[in-house]
Every structure is written in C-alpha cells, then in structure tokens.
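Right, one structure below, let's go through it.
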Amino acid sequence: MIQSSEFERRRSPRQLREFVEGLKETVRSDDVERHLGILKRGLYKQFLEELVPLSCFAVLVYPDNYGVQAVLGNQGYDALVFDEVGREVDRVELTAPHDGRAAAQNDALVVGRGFGKVTVGNPGDDFDARVKHVLTTCRNKAQKDYGDSTLVVTIEPLSPFAGFEDRYDRQVASLVDQMSKIDFNSKRTFLLILPDRLEAVHA
C-alpha cells in the first residue's frame with residue numbers, strides 16, 4: 001500500500017502529517033495491510049520508525065511553508081528540509097530505540113491471536129524499561145558523524161496514568177539529563193515522545 005514515490009514526496013509539515021494519518025486510517029481498515037504493518041513488512045518499518053515520527057517532529061519545529069522530504073536508503077539522514085524558496089536548510093536523522101527481538105515476538109502474537117504479551121507492573125514501569133535501550137542507542141549514535149543533521153530520538157511510552165503525571169515528568173527529565181551528557185556529533189539533538197512532546201537535548 002505504501003509506494004516509495006509517495007513516501008519520498010516533498011510536503012509541507014501539515015501535509016506530511018495529514019498524509020501519515022490518512023494512510024494509518026486506510027491501513028487499519030484492511031486486515032491484510034494492517035497485519036503487514038504490525039509485522040513491519042515492506043516499507044512499513046520505515047513508515048513507522050521514520051515517517052510517522054518525522055511527521056510529528058516537522059509540525060512542531062518547521063514553518064508550514066517549508067518542505068519536508070523523507071529519503072529512503074542508508075545515507076546518514078532520513079529526511080531533507082527545504083525553506084520557502086526551496087533551499088536545503090536541514091537534514092534529519094531519526095532513531096527509534098527499542099528491544100527489537102521482544103517487539104517482533106509481541107507483534108507476531110498480535111497478528112496470530114489478536115493480542116500481545118500481557119504484562120503486570122506499576123505506572124511508569126514501561127518508561128523505565130525503555131531507558132536502557134535509549135541510552136545504548138544514543139551512545140552508538142554518538143560514534144557517528146551527524147554534524148550537518150538534526151538527530152531526533154523517538155519513543156512512544158504509555159501515556160501517564162492519572163495521578164502519576166509528576167513521576168512521568170521526572171522520568172522524562174531524568175532521561176533528557178542522561179542524554180545531555182552524551183557527546184553527540186550532531187547539529188541539534190532532540191527527544192521526541194510521540195506524538196507531540198519535544199524535549200531539546202542539545203539545541
């Protein structure tokens with residue numbers, strides 16, 4: 001359902017966000033495509049790990065008269081950003097730290113039986129479980145040269161439970177503090193908590 005030409009089309013931040021949300025709605029209505037999406041087959045991996053967070057980041061950071069273009073491939077960035085006259089003004093590298101093996105196993109359960117692994121814990125435990133993966137990924141990214149790019153680290157924890165918002169804010173602040181001690185070779189570095197919380201690590 002996702003074509004590379006559509007994936008890489010230059011759009012304004014608002015148009016990109018609308019494209020992503022529209023495609024998600026279409027995929028949800030088709031069981032075959034929805035299962036391919038859950039399993040991250042074809043371009044769905046790039047869609048979920050790059051295009052979705054890019055669309056969230058773009059509307060938070062860039063004016064709507066800018067153009068944002070996702071780029072497939074193994075180059076050192078995932079998107080190019082152009083100003084209102086078409087001049088390149090930024091490159092964006094996105095990374096989505098997670099436990100890949102555990103996620104793949106859980107996704108297979110969702111497709112196979114309709115629900116994933118059941119876990120029991122306290123509010124915020126899922127956030128704490130992500131911190132190790134985030135910091136490991138960040139340290140690996142710090143070994144690479146992103147000097148001309150904006151590095152965006154994306155996570156999607158559960159929303160804080162009512163009454164636990166303060167703990168959630170402390171967890172976010174602690175993670176940003178730990179990330180800020182890593183010497184990234186990037187123009188800027190952000191933590192994006194999907195869909196719309198953006199924390200500057202190095203700006």
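Listed here are the residues, each with its yes/no results for (1) within 30 Å of G37 (Cβ to Cβ); (2) surrounded by 11 or more Cβ atoms within 10 Å (Cβ to Cβ); (3) modelled with pLDDT under 95; (4) over 20 Å from the mean Cα position of the chain (by Cα).
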{"position": "V111", "(1), (2), (3), (4)": "yes, yes, yes, yes"}
{"position": "V120", "(1), (2), (3), (4)": "yes, no, yes, yes"}
{"position": "D126", "(1), (2), (3), (4)": "yes, yes, yes, no"}
{"position": "A142", "(1), (2), (3), (4)": "no, yes, no, no"}
{"position": "T154", "(1), (2), (3), (4)": "yes, yes, no, no"}
{"position": "L158", "(1), (2), (3), (4)": "yes, yes, yes, no"}
{"position": "F161", "(1), (2), (3), (4)": "yes, yes, yes, yes"}
{"position": "D183", "(1), (2), (3), (4)": "no, no, no, yes"}
Consider only pairs whose beta carbons are under 8 Å apart and that are at least six residues apart or on different chains; among these, list those whose first residue lies in the range 130-154 and is without any contact (Cβ under 8 Å) to a residue 40 or more places away in the chain and at negative phi and whose second residue is of a type outside the set (S, T, Y) and exposed (fewer than 15 other Cβ atoms within 10 Å of the Cβ). H133/D99
For the range 1-47, give me each residue that is in contact (Cβ under 8 Å) with a residue 40 or more places away in the chain and in a helix (DSSP H, G or I). S4, F7, P13, R14, L16, R17, H35, I38, Y44, F47
List every residue pair whose Cβ atoms lie under 9 Å apart, where the two residues are 6 or more positions apart in sequence or sit on different chains, the first residue falls within the range 92-106 and is closer than 16 Å to Y146 by Cα and at pLDDT 95 or above, and the second residue, located anywhere, is of a type in the set (F, W, Y) and in a helix (DSSP H, G or I). V92/F57; L94/F57
Close pairs (6 angstrom Cβ cut-off, 6 or more residues apart or separate chains): under 11 Å from E156 (Cα atoms) and surrounded by fewer than 17 Cβ atoms within 10 Å (Cβ to Cβ) in the range 186-203, of a type in the set (A, V, I, L, M, F, W, C) and at pLDDT 95 or above anywhere: L194/C56; P195/C56
At pLDDT 95 or above, under 28 Å from S5 (Cβ atoms), part of a loop (DSSP other than H, G, I, E, B) and not acidic (D, E): is that true of V85 in this structure? yes
Across the range 48-74, what is the total count of residues that are assigned to a helix (DSSP H, G or I), polar (S, T, N, Q) and either surrounded by fewer than 17 Cβ atoms within 10 Å (Cβ to Cβ) or more than 13 Å from the chain's Cα centre (by Cα) (or both)? 0
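The values are calculated or read from the model by the stated rules, or taken from the named source; none is laboratory data. The structure presented is a predicted model; accordingly, all values stated were derived computationally and were not measured. For neighbour counting, all protein chains shown are included, and Cβ atoms are generated from backbone atoms with ideal geometry for every residue, glycine included.
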